[in-house]
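The values are calculated or read from the model by the stated rules, or taken from the named source; none is laboratory data. As the structure is a computational prediction, the values presented were derived from the model and not from experiment. Counting neighbours? That spans all protein chains shown, and the Cβs are built from the backbone with ideal geometry, glycine included.
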Amino acid sequence: MSERASRRRTTKDRDVKHGESTGSSGAAASSAVVAIPNALTVKQLADILSVSAIEVIKHLMRNGIMVNINQVIDFDSAAVVATDLGYNVQEESAQIESEEDAYSIADEDSSVLISRPAVVTIMGHVDHGKTKLLDAIRQTNVAETEAGSITQHIGAYQVDVHGQKITFLDTPGHEAFTAMRARGARVTDIAILVVAADDGVMPQTVEAIDHAKAADVPIVVAINKIDKESANPDRVKQQLADNNLLIEEWGGDTVCVSVSAKRGDGISDLLENLLIVAEVQELKANPERQAVGVVIEAKLDSSKGPLATVLVQTGTLRVGNNIVIGEQSGKIKAMFEDHGKRVKKAGPSMPVEILGINGIPQAGDQLVVVGSEKEARTLSQQRQREKEAIGKAAIPRLSNIFQQIQAGQVKELDIILKTDVQGSLEPIRTSLEKLGSEELKVRIVHSGTGNITENDVMLAAASKGVVIGFNIRPEPGAKLLADSEGIDIRCYQVIYKLVEDVEKALSGLLEPSYEDVIEGHAEVRALFDVKQGRIAGSYVTDGKLTRGAQARVIRNGELVHESSISSLRHFKDNVREMAAGFECGIGVEGYTELEIGDIIEAYRKEKVT
Ligand code: GDP
């Protein structure tokens, strides 16, 4: 057993007392218990242990672990430091689990559950009438119940259909829907797919179908604009069938209603059908418990401060409740429903705008009610730490999918497949699907032609999948989003190579991919020809240069040579490394044409994990 492992064992075997650390520093904290998450930065550990980051780094160095202040370390390493400082260590995952239990909206004793309204999102191609339909539905409701009242746009609204409520999310489109899912929020119970009867199924219609299916959300089709002369509902039904969406009339199980959002035809029929689909889903919640909800939208109001619209998912939210909302906390001062009326409480599926939070959460963030303001602050801080430290660890990449399969973390590889032409979609899809097995399915969540878009990346994030492109590239925005979300995008020009890579990934044979990490730059200011070649008298402008590092020579912004740094001298001395702000002599392997003004860029190849 390694020293680290044995230390960990010792700390865990002790009879640990549950509770917070006393906060005292160093060995004085001999009997205190600290809870440490399974990943955290050096700085966060220093905060938890109430010591300086330097002290943490020193302890880690003594144990052979070299880190900087912002580096993420694992539980084992953190535990070594905490033990050295006299703490009893507890892994925080146990606490997180209990957080999940306490705030889970599922698995409740069925006897306390009662029906709750369905939450509906409208999706479809641009200009097919999503906004118009949302307005038409809202007006139906206003006419029946609150004529004359001014509707407020708070991000969601409820309508009353024969005494039963339905909640509509006000931001139409599968983009918002999937962005919420990517943040881990499951909000929508039913998706209305709007298809204009005169235009038919279009690319975003297909995308919407795939996004709803990927989330396992039932679809209700609204064939819109039937007032138009050019309307052809039958053609739409055929196109839907071609996209594996078979409506009831044609022997399938998808409800389909013809409407005109403009004239109001079919709206009540649509609402009644939504009630039926909701009924089948048996949507239930427990209004008696503490509320759990999700942020629909949030903003800063110049006079009221931070405002958030929250959809209550279970329990009842009340004015005066202490809450944690995303990484923010607060105490609810006031709540408003979608007509701007003040309310004291909000039950399951009700959207309310709340006042009294100390910052602006993000759409998709979870709200939970906790016992006290102190608890709210502690939990929000814990969430901040988890977010910073754990980040994207759980997202599969093609290069680590095998390890995740082995660890039992994934049972399905979800792929978003984009190609240049329709003709290459089917063969690739079939070849990829064939690679799957009983234990591990390969599922093409969405496929389509055209460049890789932000939507594709978002869907990959929501499905914990990868994006594969054939003969196409990611759009710049998609690339940025993929980098920030940690999503793997792989592009190929040869089909067999694409399929081979996925096959290798599934069997753990895929070579990891590498990316260049720039280490520093130097500017050439003088030249010396010596026996071994040409030496560039240079000034290190940023970062550092290391002997042996890979190097590029850049002249007027263009790459003129690529090899490595063969020699590095400071005055007469051979040095291993030269930092920014120093002058040095640089030799570039196999290159004698260095010129004054050239930039030497040092970099290293790093495995992308
Ligand atoms: P969105 O992009 O899907 O939100 O589409 P909009 O709701 O903005 O509607 C796009 C255009 O179609 C607008 O000019 C609407 O007035 C029009 N439109 C929407 N629904 C209908 C309808 O039922 N009949 C007709 N004739 N036009 C409609």
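Need a quick list: strands (runs of 3 or more DSSP E) entirely within the range 466-585 having at least 3 residues that are closer than 30 Å to Ser437 by Cα. Spell out the reasoning first.
On the way: elements: 466-470, 489-492, 514-530, 533-546, 550-555, 558-570, 577-579.
In the range 466-585, the matching strands (runs of 3 or more DSSP E) lie at 466-470, 489-492.
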Count - residues of the range 492-508 that are within 15 Å of Leu417 (Cα to Cα) and touching a residue at least 24 places away in the same chain (Cβ under 8 Å): 6
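Would it be correct to say that Arg604 is over 30 Å from Glu433 (Cα atoms) and at pLDDT 90 or above?
Judged against the criteria, Arg604 is not a match.
Conditions (1) of a type in the set (A, V, I, L, M, F, W, C); (2) in contact with a strand residue (DSSP E or B) (Cβ under 8 Å, 6 or more places away or on another chain); (3) surrounded by fewer than 21 Cβ atoms within 10 Å (Cβ to Cβ), marked per residue:
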| site | (1), (2), (3) |
| --- | --- |
| Leu246 | yes, yes, yes |
| Gly252 | no, no, yes |
| Ser258 | no, yes, yes |
| Asp265 | no, yes, yes |
| Glu272 | no, yes, yes |
| Ala278 | yes, yes, no |
| Gln281 | no, yes, yes |
| Val294 | yes, yes, no |
| Ser302 | no, no, yes |
Just name the residue that is farthest from the ligand (Cβ to nearest atom) out of those in the range 227-242 that are surrounded by 14 or more Cβ atoms within 10 Å (Cβ to Cβ) and either of a type in the set (Phe, Trp, Tyr) or not in a helix (DSSP H, G or I) (or both). Asn232
How many residues does the range 467-479 hold that are surrounded by fewer than 24 Cβ atoms within 10 Å (Cβ to Cβ) and closer than 16 Å to Leu425 by Cα? 5
Across the range 64-105, what is the number of residues that are modelled with pLDDT under 60, farther than 15 Å from Leu40 by Cα and of a type in the set (A, V, I, L, M, F, W, C)? 3
Which one is surrounded by the most Cβ atoms within 10 Å (Cβ to Cβ) among residues in the range 203-226 that are within 11 Å of the ligand (Cβ to nearest atom) and in a loop (DSSP other than H, G, I, E, B)? Lys225
Quick one: what pairs do we get from the range 205-230, first residue touching a residue at least 12 places away in the same chain (Cβ under 8 Å) and small (Gly, Ala, Ser), second assigned to a helix (DSSP H, G or I) and within 16 Å of the ligand (Cβ to nearest atom), C-beta under 9 Å, 6+ apart or different chains? Ala208/His174; Ala208/Phe177; Ala212/His174; Ala212/Phe177; Ala215/Phe177; Ala222/Leu133; Ala222/Leu270
